[in-house]
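Everything on this sheet refers to the single structure shown next.
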Amino acid sequence: MLGGKSAPDFMSQVVKLLHQRMLKYNWVGFYMLETTQSGEPPMLVLGAFEGAMTPHTRIALHQGICGAAASSGKTVIVDDVSKDPRYLACSLETKSEIVVPVFVKGKVVGELDIDSHFHAAFKDEDRELVEYCAELVGSRLEEFPA
Ligand code: SME
């Protein structure tokens with residue numbers, strides 16, 4: 001089912017499946033780390049996603065929950081986004097969020113971001129599932145670089 005050869009195809013399938021099958025996962029997308037040679041700061045750039053278009057197509061590493069997850073290399077779960085000053089609003093309906101870094105050879109190359117319309121939607125089993133998906137994507141990127 002997840003047999004698409006290229007990493008971008010694989011990532012599109014991952015976001016589709018998570019969005020379709022997990023009823024509380026109302027926005028599911030990847031942000032990939034873009035680094036330039038010209039000394040500009042790295043940015044997280046929106047990749048494959050499912051759900052409403054977001055105003056945040058490029059996020060700096062010091063911004064948002066997305067920036068926090070990418071710069072720390074750690075999963076971030078926010079049960080109530082209205083209480084987190086880092087939160088960059090994507091939709092007024094979003095109540096909770098999980099962001100899981102994607103690693104290739106030990107380095108953060110991007111992240112899987114999921115928003116929910118429900119408070120505290122992301123439990124231990126969700127963390128396990130989303131971290132597993134992020135690991136699969138990291139392996140696929142290592143095998144078939146974009
Ligand atoms: N809420 C994120 C921004 C991305 S949107 O959720 C799609 C953040 O705070 O970094």
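The values are calculated or read from the model by the stated rules, or taken from the named source; none is laboratory data. These figures come from a predicted structure and were not determined experimentally. Every residue, glycine as well, gets a Cβ built from its backbone with ideal geometry; the counts of neighbours run over all protein chains shown.
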From the list SER12, SER38, SER71, pick out the single residue that is at pLDDT below 95 and among the polar types (S, T, N, Q). SER38
Out of (1) surrounded by fewer than 19 Cβ atoms within 10 Å (Cβ to Cβ); (2) closer than 22 Å to PHE144 by Cα, the odd one out for LEU112 is which? (1)
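Return yes or no: is ARG127 surrounded by fewer than 22 Cβ atoms within 10 Å (Cβ to Cβ), touching a residue at least 12 places away in the same chain (Cβ under 8 Å) and in a loop (DSSP other than H, G, I, E, B)?
No; evaluated as a whole, the condition is false for this residue.
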Residue that is surrounded by fewer than 17 Cβ atoms within 10 Å (Cβ to Cβ), within 15 Å of the ligand (Cβ to nearest atom), on the phi < 0 side of the Ramachandran plot and among the small types (Gly, Ala, Ser), where the choices are SER72, SER139: SER72
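For every residue, the table says whether it meets (1) closer than 27 Å to SER6 by Cβ; (2) within 13 Å of the ligand (Cβ to nearest atom); (3) crowded, with 17+ Cβ neighbours inside 10 Å.
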residue: TRP27; (1), (2), (3): yes, yes, yes
residue: GLU34; (1), (2), (3): yes, no, no
residue: ARG58; (1), (2), (3): yes, yes, no
residue: LYS107; (1), (2), (3): yes, no, no
residue: LYS123; (1), (2), (3): no, no, no
Qualifying positions in region 86-105 - within 13 Å of the ligand (Cβ to nearest atom) and farther than 15 Å from LEU61 by Cα: ALA89, CYS90, SER91, LEU92, GLU93, THR94, LYS95, SER96, GLU97, ILE98
